[in-house]
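What follows is a single structure, written as structure tokens, with notes after it.
The values are calculated or read from the model by the stated rules, or taken from the named source; none is laboratory data. Quantities reported herein were computed from a predicted structural model and do not represent experimental measurements. Here the Cβ positions follow ideal geometry from the backbone for every residue, glycine too, while neighbour counts run over all protein chains shown. What goes into the accessible areas is simple: the full protein's heavy atoms, side chains included, and nothing from ligands, DNA or RNA. Shrake-Rupley method; radii C 1.70, N 1.55, O 1.52, S 1.80 Å.
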Amino acid sequence: LSGKIALEEHVGNTLFSGVYTPPPVNFTNEPAFDLAIYDADVSSRLNDIDTRVAAMNAANISMSVVIFGAPGIHGIFNTTFATIAATYVNDEAAQTYNHGSHSSRFDFWCSNALQDPISAAAELERCVKHPGGVDSFVGGYTNNGSENSIISLDDPVNDVFLAKVAELDVPIHLHLREAAPNQHRVYQDYSIMAGSPWGFAAEIGAHALRIMMSGVLDTYPNLKIILGHCGEGLPFFMPRIESRLRHAIHSYPAKQNLTYYWNRNFYVTTSGIQSKAVLDLTLASLGEDRVMLSVDYPFEDDVELGTWFDRIEMSVGAKEKIASENARNILKLR
Ligand code: GRE
Ligand code: ZN
């Protein structure tokens, strides 16, 4: 399938080359799965545009929408630095990915320093005016002064930012990151599980639920929130959540039941998932207009995921929507 678009694709930047912090444990001695080799490979591919474009070509991905690795700007403790850094990395992304010979192949997500929501709103408005600047990239929570001091996106201080997102009508990519260190107790002795195998999804899934419960989606009904990894487990969990919340509908501010917001405000990418069963469940949960192909390069492999997607059996119409049409519409790509 040609002309595919991938939109959860990660890059580095010159400000913090160490954005990708390798997990601390090595779980196997098999060379092919050696974590040190994997981490070195990921780090080198983050900034290498030619290798990236070659992988996209091999997988028939015509466009990647790129963003820094987690946690990005929202992991910076100092508010002044975070605000300056967001502007810097947004300009650098525009310069790197929207100029030169490969510019037609890339758009980029705007980074937002929610350490100061008022200036983040202004920076979002500025950033989306860049030709390739689409949408807003935030985590479920932002650090505020230290590693364990965190502010969730649904906190009322972020209202001014969400109002701007709603006004500009740009989607938010709610991207995972590791939970704050003081919330790692459950992963003791198994710290690898705090990251991409499980903890990332548990963390961002909980933040997605906070947003549904908080009432911000009553205030800003047109918010479009994008989750990676086929919705970080929520297609599976929404029926259970809905069933249990029947007995507790007045225990949170939102006016509607959570499935209402899930089906109205949320979109997902297929990043890092190569399971037809999970994709089918995701499509059953959200419908074919709300699912968008992504890889999660360089953590995942363009050719592996692209080939898997090309080969699955599905109606041509649905496949085209997932491969590119939905992204073009939802992200308003050029
Ligand atoms: C991601 O951004 O989705 C990601 C990481 C680190 C490891 C795996 C992964 O940031 O999927
Ligand atoms: Zn990602």
**Request:** Could you list the trypsin sites (Lys or Arg not before Pro) in the range 218-300 that lie in coil according to DSSP, counting only those with at most 11 other Cβ atoms within 10 Å of their Cβ?
**Result:** Lys255
**Complete:** Along the range 175-192, Karplus-curve 3J(HN,Hα) (6.51, -1.76, 1.60; θ = phi - 60°) to the nearest Hz, with x for Gly and Pro, reads 9, 4, 7, 6, 4, 4, x, 6, 10, 9, 3, 5, 9, 3, 6, 9, 4, 4
**Request:** Quick one: net charge around Phe236, please, counting Lys, Arg +1 and Asp, Glu -1 for every other residue with C-beta under 13 Å from its C-beta.
**Result:** -2
**Complete:** The Cα radius of gyration of the range 199-245, divided by 2.2 N^0.38 Å with N its residue count, comes to 1.17
**Fill in**
Checked against the positive end of the charge dipole of the range 175-334 (+1 on Cβ of Lys and Arg, -1 on Cβ of Asp and Glu, about the Cα centre), the farthest of Gly287, Asn265, Gly231 is Asn265
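Treating only the Cβ of Lys, Arg, Asp and Glu as charged (+1, +1, -1, -1), what charge dipole size does the chain show about its Cα centre? Round to the nearest 20 debye.
Values: 24 positive and 39 negative charges, 188 e Å.
In debye, rounded to 20, the chain gives about 900.
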**Item:** Accessible area per residue, Å², the chain with all protein chains present, probe 1.4 Å
**Value:** 43 Å²
**Request:** Please turn the phi angles of the range 139-144 into ³J(HN,Hα) values with the Karplus equation 6.51 cos²θ - 1.76 cosθ + 1.60 (θ = phi - 60°), one per residue in order, whole Hz, x for glycine and proline.
**Result:** x, x, 9, 10, 6, 9
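Using only alpha carbon positions, build the gyration tensor of the chain, then give the equivalent ellipsoid semi-axes as the square roots of 5 times its eigenvalues, largest first, whole angstrom. List each step's numbers first, then the result.
Values: eigenvalues 142, 114, 100 Å².
In descending order, the three semi-axes are 27, 24, 22 Å.
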**Fill in**
Listed by chain and number, the residues whose amide H is under 5 Å from that of Thr269, excluding neighbours fewer than 5 places away on the same chain and using placed H, are Leu227, Gly228, His229, Cys230, Gly231, Met292
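With only alpha-carbon atoms in the gyration tensor, what are the semi-axes of the equivalent ellipsoid for the range 169-263, in Å, largest first?
Numbers: eigenvalues 124, 54, 29 Å².
Semi-axis lengths for the range 169-263 are 25, 16, 12 Å.
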**Asked** In whole Å, how far is the Cα centre of the range 182-201 from that of the range 115-130?
**Response** 32 Å
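With the full set of protein chains in place, find how many percent of the accessible area of the chain is carbon and sulfur; take the probe as 1.4 Å.
Values: 8130 of 14430 Å².
Using a 1.4 Å probe with all protein chains present, the chain comes out at 56 percent carbon and sulfur.
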